[in-house]
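Colleague: Would you mind keeping the following structure in view while I ask a few things?
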């Protein structure tokens, strides 16, 4: 990544076209305000100098917001000299080391590279230093969410964590569930339980009752079968053990079903549960990747 350090640059001259793939974080902004007030800007903004002379901000949106709040008009930058694809990819790579992006923000960047940039998923993986399966999961996350929910996330009306849970639902039902989550002030954990309940419900009437009064459902049930133990690491370990055992059982049964002479008509009822399981596995992988453990997951789960 070719870069050069520069003297001060006018903030008014910065092109912020990539702001829509970044989310505001009040906690981070508060910490930045305190840091900049005491020490000034410690890390220069990262800006790409395009061939037409446009200065595109790639990394440092929160720092820019704090500087503008303070009435600053200039800031130091690191200049980049990249093509369009690398400019977008650098939004991811610049934040990878310190885990500065949510999975949904990453998904938006991947979507931009694939849909607007016309890149193959394999190529996107090469640009951002990720496995193709990671790219596939992020793209599906972005495209599973209806635009209304994405807009609510950008406005700060819905958290990225809740949006990730809602992405498990059919697109036509997401807005109603999000409205219910907001109306009843559900936490991220409660929203996850509500989504699990919704997926487990077999009829529209029960789902409607869930949406009108989620708290009467989510005190126990799908998503909360273990109950709190006070040790999140131990909870995760036990859940992973159960998942491994279930996966082994499913593999054996799938092998048996596929080797037998099973008519296509008998297999058709499997289509919906298979798709739901694949979606759930995608969510599990995203959560594990988001954990601050430095894991690199390369399981290739296709939608």
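The values are calculated or read from the model by the stated rules, or taken from the named source; none is laboratory data. Predicted, not measured: the structure shown is a model, and the values here were computed from it. Note: ideal-geometry Cβ built from the backbone for every residue, glycine included; neighbour counts use all protein chains shown.
Colleague: Looking at (1) assigned to a loop (DSSP other than H, G, I, E, B); (2) buried (at least 17 other Cβ atoms within 10 Å of the Cβ); (3) over 28 Å from the mean Cα position of the chain (by Cα), which is the only condition residue 75 fails?
Modeller: (1)
Colleague: I've got another one for you. For region 213-229, check the following and say yes or no: at least one residue is over 27 Å from residue 104 (Cα atoms), at pLDDT 75 or above and surrounded by fewer than 10 Cβ atoms within 10 Å (Cβ to Cβ).
Modeller: Within region 213-229, one or more residues are over 27 Å from residue 104 (Cα atoms), at pLDDT 75 or above and surrounded by fewer than 10 Cβ atoms within 10 Å (Cβ to Cβ).
Colleague: Now for a separate question. Determine, yes or no, whether residue 50 is assigned by TED's automatic domain parsing to the domain that holds residue 28 and in contact with a helix residue (DSSP H, G or I) (Cβ under 9 Å, 6 or more places away or on another chain).
Modeller: Answer is yes for this residue.
Colleague: Same structure again: Tell me which of these residue 57 doesn't satisfy, since it passes every other one: (1) touching a helix residue (DSSP H, G or I) at 6+ places or on another chain (Cβ under 8 Å); (2) free of Cβ contacts under 8 Å to residues at least 60 places away in the same chain; (3) outside the structural domain of residue 32 (by TED's automatic domain parsing).
Modeller: (3)
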